[in-house]
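Working notes, beginning with the structure itself.
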Amino acid sequence: MVILSRIISWFVNSKSLYGLLQASRQWLHEFSIIILDQGFQQCPTNHFLFTRGSGATLVTLLVYIDDIIIVGPDQKLIAETQQMLAKPFKIKVIGDLKYFLGLEIAKSPREIHLCQRKYSLQLLTDTSFAASKPQSVHMDPNLQLNETDSVPLEHASQYCRLIRRLMYLTISHPDNSFIVNHLSQFMSKPRTPHLHAIYHLLQYLKSSLGQGILFPSSSSMRVSAYVDADWGSCQVTR
């Protein structure tokens, strides 16, 4: 079972990371120097991700400003990593990870479940869809969206904000990825049918608040995807 813990770290000289122009960049630079000296490797595509070892000895660090998540299958190695960080930095161990950046994590010896129920509820409240009628599907399967039908939205910024929030929600709702990606193609000049499609998706979201991603401890690392694509029916890209 993967064990997660969270650490809050800051500079030894107690300078705040908030409100200083280059503070977060300088903090990551200082942190990287120390952590790389301990045998960790920095991910080339995500400089906030560090790993050491593999398999049963794998330890992963994910940095967000002054918060650090430590992940690994061995509790002893996690504790050793915490002790290593406590030498150059003043740290506070929060404990097992349960909530982080809108992600809710529930774990047991047999599985880990990720969802964004609180984030979804906040999205529905902000858009006044908390009391709306739930929908059983993401969108009308016969709906054909294009760039010319109906009139442009008067306030396109509202549409763009909703798309960005829905994009973040696809972390635990990959079933929404297609419709969100499709609707994002109209962000430059959104029209009324596009906004109505978002409203339909919000109603579907209400019916699937607790839905998320389940990681069984006995599962393989193989990812399977299924696609039923009808390229010819898309009036925009064909």
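The figures follow:
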quantity: Cβ-based exposure ranking for Arg191, Arg110, in which fewest neighbours within 10 Å come first; calculated: Arg110, Arg191
quantity: Residue-wise HN-Hα coupling along region 133-146, computed from phi with Karplus coefficients 6.51, -1.76, 1.60 (Hz; x: Gly, Pro); calculated: 6, x, 10, 8, 10, 5, 7, 5, x, 9, 6, 10, 9, 8
quantity: Unit charges at the beta carbon, dipole of region 116-233: most positive-side option, Pro193, Gln122, Ser208; calculated: Gln122
quantity: For Asp66, Asp175, order by how many other beta-carbon atoms lie within 10 Å, fewest first; calculated: Asp175, Asp66
quantity: Footprinting exposure proxy for Thr51, Thr57, Thr148, Thr81 (fewest neighbouring C-beta atoms within 10 Å first); calculated: Thr148, Thr57, Thr51, Thr81
quantity: Helix-only mean residue ellipticity at 222 nm for the chain, each DSSP H run of n ≥ 4 adding -39500 (n - 2.57), per residue, nearest 500; calculated: -9500 deg cm²/dmol
quantity: Bins of 10 Å, starting at 0 and running to the largest distance - Cα pair percent for region 116-233; calculated: 12, 42, 33, 11, 2, 0
quantity: Rg over Rh [alpha-carbon atoms, Kirkwood Rh] for the chain; calculated: 1.04
quantity: Candidate lysines for bridging to Lys92, where Cα separation is under 20 Å - those fewer than 8 sequence places away on the same chain excluded; calculated: Lys15, Lys76
quantity: Inter-centroid distance (Cα atoms) of region 52-116 relative to region 198-231, Å; calculated: 25 Å
quantity: Contact order normalised by residue count of the chain, Cα under 8 Å, 6+ apart, percent; calculated: 20 percent
quantity: By average C-beta atoms within 10 angstrom, highest first, the peptides 192-204, 176-188, 88-100; calculated: 192-204, 176-188, 88-100
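We did not get these values from a lab; they are worked out from the coordinates using the rules stated. Here the structure is a predicted model, which means the values were calculated and not measured. Neighbour counts run over all protein chains shown; Cβ positions are idealised from the backbone, glycine included.
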